[in-house]
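Trainee: Just passing along the structure, written as structure tokens.
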Amino acid sequence: DSGRVAGAAPIAAPPAGAPARPSAEWASLPSAPEVRLPPDLILTMRGGDGGGDAFLKVFGEAIAPYRDGRFAEAAAALAPVAERYSDVAETWFYLGTARLFSGAPAEAIEPLRRARGSEVVGDDARGLQIVALERAGRENEARGELHALCAERGNYRDRACAIVER
């Protein structure tokens with residue numbers, strides 16, 4: 001289970017607007033993860049006025065700047081969508097990722113934590129949350145998460161173990 005999920009590279013050049021504080025080499029961000037949603041999202045959504053179609057419409061509009069690499073704009077657009085559809089973990093993931101890539105790692109940590117339960121992007125969320133912790137200056141927490149990840153199965157286990165062993 002040490003293979004990577006296609007399209008994402010959470011544990012790895014700082015994005016435009018990144019803070020000047022130097023972070024560990026492994027906490028750099030080479031590219032933003034591609035947009036992926038679970039195929040059965042509409043069937044599994046709970047509540048929400050307008051159901052799955054309404055979610056997909058507002059999410060589609062909010063994720064457009066993300067796809068264009070305009071991460072600060074994407075974060076602003078995704079925040080109300082994540083609050084309104086708080087049970088859709090993938091929305092939290094893209095909010096956290098957009099915040100991280102726009103140079104706001106401290107604001108990325110909580111949304112990425114909330115996305116860790118996703119079957120589609122959960123492993124990526126955990127990897128990016130560790131990067132956000134490191135980039136936000138919370139090195140001890142990042143190291144603790146790396147140690148925990150190294151002790152478990154998952155897509156980033158081998159990478160986490162390699163970082164821990166340095």
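Trainee: Report the full-extension gain for the segment residue 119 to residue 140: residue separation times 0.36 nm, less the Cα-Cα distance, to one decimal in nm.
Mentor: Residue separation times 0.36 nm, minus the Cα-Cα distance, leaves 4.8 nm.
Trainee: So, one more: Indicate the gyration tensor shape class of region 73-166 (rounded, prolate or oblate), computed on the Cα atoms with a ≥ b ≥ c the square roots of the eigenvalues: a/c under 1.5 is rounded; otherwise a/b larger than b/c is prolate and the rest oblate.
Mentor: Because a/c hits 1.5 or more and a/b fails to exceed b/c, region 73-166 counts as oblate.
Trainee: Separate question: Which percent of the accessible area of region 53-166 is formed by carbon and sulfur heavy atoms (probe 1.4 angstrom)?
Mentor: 46
Trainee: Sticking with this structure for a sec: What distance in nm separates the simple spin-label points at residue 148 and residue 161, each placed 7 Å from Cα in the Cβ direction?
Mentor: Label-label distance for residue 148 and residue 161, simple model: 2.0 nm.
The values are calculated or read from the model by the stated rules, or taken from the named source; none is laboratory data. Bear in mind that the values here come from a model prediction, so they are computed numbers and not experimental data. When we count neighbours, we look across all protein chains shown, and the Cβ atoms used for this are built from the backbone with ideal geometry, even at glycine. Heads up: the accessible areas ignore ligands, DNA and RNA and are worked out on the full protein's heavy atoms, side chains in. Shrake-Rupley method; radii C 1.70, N 1.55, O 1.52, S 1.80 Å.
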